[in-house]
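Taking it in order: structure first as structure tokens, then the write-up.
Throughout, read-outs are computed from the coordinates displayed, never taken from laboratory work. Worth saying up front: this structure is predicted, and the values here are computed from it rather than measured. Glycine also receives a Cβ, built like all others from the backbone with ideal geometry; neighbour counts cover every protein chain displayed.
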Amino acid sequence: MTHGTLGRLEDFGGNLVCIRFRNRNFLPRRAFFFYPSQHQPSSLAVQPGCLIDEAEGWVCRDEAGRTSVAGLYAAGNANQEVQLVVAAAAKGRVTALTINNDLWEADASSTER
Ligand SMILES: Cc1cc2nc3c(=O)[nH]c(=O)nc-3n(C[C@H](O)[C@H](O)[C@H](O)COP(=O)(O)OP(=O)(O)OC[C@H]3O[C@@H](n4cnc5c(N)ncnc54)[C@H](O)[C@@H]3O)c2cc1C
């Protein structure tokens, strides 16, 4: 059921009492759950040309943390759908291993010549 566009949240003594819509309809409520959208507040990834998922807001990358720009990697909130410290740290670990492996392979192939 659609009530209209959200107008404001009304409180009494700091506690939510009502969700008010722009058309003046309202719903008495004591709790309000919402899912905020995600976007990149920093242009750091865009400047070198990283592809950004326009719908989800994160830096496109493969599962190992590589971005669309060779030699540029991403981890944490910048490239994941969930915003949790533990998930950001886990992504950082995966990306760190990828960087290490990519450097090792580049080094190995340069010394083979
Ligand atoms: C209000 C709020 C509540 C949250 N609550 C929880 C919670 O309860 N539990 C949980 O697990 N997670 C929570 N999170 C999510 C959690 O904070 C993030 O998932 C986590 O911090 C992501 O880590 P990160 O290192 O990827 O990014 P960040 O912690 O955002 O670090 C990015 C860093 O880059 C810096 N930076 C940005 N642009 C530039 C630039 N141009 N130059 C230099 N530095 C730059 C920023 O200043 C920042 O220090 C919450 C987030 C918010 C906003």
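Side notes on the structure shown:
- The Cβ shell under 12 Å around Phe26 holds other residues with a net charge of +4, Lys and Arg each +1, Asp and Glu each -1.
- Computed across the chain, the Kirkwood hydrodynamic radius from all distinct Cα-Cα pairs reaches 17.6 Å.
- Close amide H pairs (under 5 Å, H built 1.01 Å from N) link Cys18 with Glu10, Arg29, residues at least 5 positions away or on another chain.
- For Tyr73, Tyr35, the sequence from fewest to most other C-beta atoms within 10 Å is Tyr35, Tyr73.
- More than 16 angstrom apart: percent of Cα pairs within segment 1-41: 43 percent
- The GluC sites (Glu not before Pro) of segment 17-113 that DSSP puts in a loop, and whose beta carbon has at most 12 other beta carbons within 10 Å, are Glu54, Glu63, Glu81.
- Relative to the Cα centre, the charge distribution of segment 35-113, modelled as +1 at Lys and Arg Cβ and -1 at Asp and Glu Cβ, gives a dipole magnitude of about 200 debye.
- Remark: segment 63-79, residue by residue, has Karplus-estimated 3J(HN,Hα) of 4, 8, x, 6, 8, 6, 9, 4, x, 10, 10, 9, 8, x, 4, 4, 9 Hz, where x stands for each Gly or Pro and the curve is 6.51 cos²θ - 1.76 cosθ + 1.60 at θ = phi - 60°.
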